[in-house]
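What follows is a short report on a single structure.
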Amino acid sequence: MPGAITPARTRNRSKTPTAHRNSPAAINPNPPSDSHARKVAEEKVKATYEVAKEKCDDQKGDAKAACVKQAKADEAQGKADIKAMKKKTM
C-alpha cells in the first residue's frame, strides 16, 4: 500500500538527541513553580476535606464525631505540610 507506515519507516525518524522518554525533562520540560505547586496542594487538601466531611454525613453518633475529627486532623496535617513547603522554598 502506498503511504503505509512500515517498521522501517518509523524506526529512524529523528537523529537529533532528545531527553530519555521517562526523564522528568521529557515528561514536563517546564516544571510548575513552587507557588503554583502550593496552590494545587491547598486545593487538594480543601477538596479532600470536603469529600471526607460528606462521607461523615452518612454516619451517626460517635462514629460521625470520630469521622469528622479524623477529617479535621487530616486537613490540619495537609495544611502543615503546605506550610512546611513554603518554609523550605524560602
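Laboratory data are not the source of any read-out in this text; all were calculated from the coordinates shown. Note that the structure is a prediction, hence the values are computed from the model and not measured. In this analysis, Cβ positions are derived from the backbone assuming ideal geometry, glycine residues included, and neighbour counts consider all displayed protein chains.
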Original post:
Label-point separation (nm) for Asp62 and Glu42, each offset 7 Å from Cα along Cα-to-Cβ?
Top reply: 3.9 nm
Original post:
For the cross-link pairs Lys55/Lys86; Lys44/Lys86; Lys53/Lys83; Lys46/Lys86; Lys55/Lys79, which exceed 26 Å when the distance is taken from alpha carbon to alpha carbon?
Top reply: Lys55/Lys86
Original post:
Each residue of the range 47-54 in turn: what ³J(HN,Hα) in whole Hz from Karplus with 6.51, -1.76, 1.60 and θ = phi - 60°, glycine and Pro shown as x?
Top reply: 5, 4, 5, 4, 5, 4, 5, 5
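Can you give the extra length, in nm with one decimal, that the chain gains between Glu54 and Met85 once fully stretched, where that is 0.36 nm per residue apart less the Cα-Cα distance?
Difference between extended and current length: 8.4 nm.
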**OP:** Let me know the Rg and Dmax you get for the range 34-90 when you use only its Cα atoms, in Å.
**Re:** 13.6, 44
